[in-house]
2 protein chains.
Amino acid sequence: MDLASFFRRNDLPAEDLAREDATYGALTQAVRELAEAQLLTTVDLDTVQQVTAEIRALTERLQTDTRPGAFGIELGPDEVPRNHGNTVVGLRNPIAVALADHPIVWNDRGASATLELGPLYEGPPGCVHGGVLALVLDQLFGEAAAAGGGGGMTGRLTLSYRRPTPLGQITMDAWVERADGIKTVVKGALHDADGNLTVQAEGLFIMPRWAREQADSWPKRNRNFE
Amino acid sequence: MDLASFFRRNDLPAEDLAREDATYGALTQAVRELAEAQLLTTVDLDTVQQVTAEIRALTERLQTDTRPGAFGIELGPDEVPRNHGNTVVGLRNPIAVALADHPIVWNDRGASATLELGPLYEGPPGCVHGGVLALVLDQLFGEAAAAGGGGGMTGRLTLSYRRPTPLGQITMDAWVERADGIKTVVKGALHDADGNLTVQAEGLFIMPRWAREQADSWPKRNRNFE
């Protein structure tokens, strides 16, 4: 494994990529809205069956020309990773509703993000699923480790749940506590819309062996291998 | 808060509930397949735009009659929770592809599950997002705590990632290490399709104060409040 095989080059001109991203991004956003609508709908079962049949037909249209495997991570002409399949931040992943509209903001110590977690992210009634909070924190921590430390993949993640997190807006902060090049320790906190601390977390990120020698030649923010 | 307000009663006859579940479950499955197809499609942008418009129209049909808030958790006539909105196991949640087709199996020490994590769950290229593994383990641990201990909500979760987990089939096991009624400690492990240990985890589950007095009157497996 090396970085060149980790990423897949996409050297389309920037304007073509922008048009692709806008078009595919709109498709994904439409699927997100459909996913929430079908969770909450109370229409009669005949309508449900008709809509189901129409969705299947649309799926078949999209499957007429398709990528053989998972999306992977592209590297655009500007050297910025295009991890459009990523579960948390992928432009083309409907699960990634959270960070897609609320991009991560980097600072000199780490990263933060404010995002909206709606009904698809429910665990206890009216509250965000604890595992979803682990999911979004893991992504943010990886981004913070890449921006403020050595980057790499998650080695250990510890989450302390202080109280339930109501569905709605959440704010996450992550900062690099220490970094020695190979290992980066990140700490962070998650607050609900009322400003209550609901989750504290700590993560250890480790640069994969195969990436160590090559990593310095890549922009820091590309070093989150998730 | 008490258990009666935590759950919402649904006293439709069992056969009506079964018909609803089959019909809505098929709708959700169709949306799951659409979500993956739109991630991987390489059809031309005109087709993408046409499909996007048709998806929006279907969303509007479903929104003509809709629940005002999140799904919550219903309690059916047999006292079994119907957490159909749950991000990991919800029958009506397209994100919940994982456990929907591969139900959790309980044993006398905890619970286990074998499931398939496809391209929508990608983090590093070809591998499952570390946060997704935290998400599914959190759910399984909660179920194990409910079945073998006191149950409750996640208080702390620690994940140790031993190696990347390739996309595909994974197997998770969770067992109750100790339980004192209020606190339950669960340990577990996750293996990839080749049988490699990829994640070890430990969780502390705490019965909420409001639920303690009432919990004994509920079947054990109802006590996972996620």
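The values are calculated or read from the model by the stated rules, or taken from the named source; none is laboratory data. Just so it is clear, the structure is predicted and the values come from calculations on it, not from any experiment. With ideal geometry, Cβ positions are generated from the backbone for all residues, glycine too; neighbour counts draw on all protein chains shown. Just so you know, the surface numbers come from the protein's heavy atoms only, side chains and all, with ligands and any DNA or RNA stripped out. Shrake-Rupley method; radii C 1.70, N 1.55, O 1.52, S 1.80 Å.
Confirm whether residue A:145 is within 14 Å of another protein chain (Cβ to nearest Cβ), outside any strand (DSSP E or B), of a type outside the set (S, T, N, Q) and within 20 Å of residue A:180 (Cα to Cα). Taking the combined requirement at face value, the residue satisfies it.
Within region A:21-42, the residues that satisfy the criterion of being buried (at least 18 other Cβ atoms within 10 Å of the Cβ), facing chain B (nearest Cβ under 8 Å) and either over 17 Å from residue B:120 (Cβ atoms) or basic (Lys, Arg) (or both) are A:37, A:40, A:41. Inspection of region B:137-149 identifies at least one residue that is modelled with pLDDT of 90 or more, of a type in the set (Asp, Glu) and closer than 16 Å to residue B:199 by Cβ. So, of the residues in region A:69-83 that are within 19 Å of residue A:16 (Cα to Cα) and assigned to a loop (DSSP other than H, G, I, E, B), which turns out to be most open to solvent (accessible area, probe 1.4 Å)? So, considering only residues that are within 19 Å of residue A:16 (Cα to Cα) and assigned to a loop (DSSP other than H, G, I, E, B), the one most open to solvent (accessible area, probe 1.4 Å) is A:78. Checking each residue in region B:33-47 for being outside any helix (DSSP H, G or I) and touching a residue at least 40 places away in the same chain (Cβ under 8 Å) picks out no residue at all. The C-beta contact set for region A:56-81 (first residue of a type in the set (S, T, N, Q), second residue surrounded by fewer than 13 Cβ atoms within 10 Å (Cβ to Cβ) and in a loop (DSSP other than H, G, I, E, B), distance under 8 angstrom, 6+ apart or interchain) comprises A:66/B:42. Restricting region B:158-171 to residues that are among the hydrophobic types (A, V, I, L, M, F, W, C) and either on the phi > 0 side of the Ramachandran plot or within 12 Å of chain A (Cβ to nearest Cβ) (or both), which is surrounded by the fewest Cβ atoms within 10 Å (Cβ to Cβ)? Only one residue fits best here, namely B:167. So, in region B:187-226, of the ones that are among the polar types (S, T, N, Q) and at pLDDT 95 or above, which residue ends up farthest from residue B:74 (Cα to Cα)? The selected residue is B:196. Scanning region B:115-130 for residues that are farther than 16 Å from residue B:87 by Cα and among the acidic types (Asp, Glu) turns up just one, B:122. Provide a single number: the residues in region A:92-118 that are part of a loop (DSSP other than H, G, I, E, B), within 10 Å of chain B (Cβ to nearest Cβ) and open to solvent by 30 Å² or more (accessible area, probe 1.4 Å). The total comes to 0.
Does residue B:125 satisfy the condition of being over 22 Å from residue A:156 (Cα atoms), open to solvent by 10 Å² or more (accessible area, probe 1.4 Å) and either at the interface with chain A (Cβ under 7 Å from one of its Cβ atoms) or in contact (Cβ under 8 Å) with a residue 60 or more places away in the chain (or both)?
no
Within region A:142-157, residues that are buried (at least 24 other Cβ atoms within 10 Å of the Cβ) reach partners that are part of a loop (DSSP other than H, G, I, E, B) with beta carbons closer than 6 Å, at six or more positions or on different chains, in the pairs A:142/A:226; A:143/A:104; A:145/A:151; A:146/A:223; A:151/A:223; A:152/A:207.
One residue stands out among those in region A:53-68 that are more than 7 Å from chain B (Cβ to nearest Cβ) and under 19 Å from residue B:31 (Cα atoms): the one that is most open to solvent (accessible area, probe 1.4 Å), which is A:60. Within region B:11-20, being out of contact with any Leu (no Cβ under 9 Å at 6 or more places or on another chain) and surrounded by 17 or more Cβ atoms within 10 Å (Cβ to Cβ) holds for one residue alone: B:17.
Whether a residue is more than 7 Å from every other protein chain (Cβ to nearest Cβ) and either surrounded by 13 or more Cβ atoms within 10 Å (Cβ to Cβ) or among the hydroxyl-bearing types (Ser, Thr, Tyr) (or both) was assessed, and residue A:8 passes this test. Checking the stated criteria, residue B:203 turns out not to satisfy the condition of being among the small types (Gly, Ala, Ser), assigned to a strand (DSSP E or B) and out of contact with any helix residue (DSSP H, G or I) (no Cβ under 9 Å at 6 or more places or on another chain). For region A:14-32, the condition of being outside any helix (DSSP H, G or I) and either farther than 25 Å from residue B:53 by Cα or of a type outside the set (D, E, K, R) (or both) holds for none of the residues. With respect to the conditions (1) closer than 30 Å to residue A:23 by Cβ; (2) of a type in the set (Ser, Thr, Tyr); (3) not in a loop (DSSP other than H, G, I, E, B), residue B:64 falls short on a single one, namely (3).
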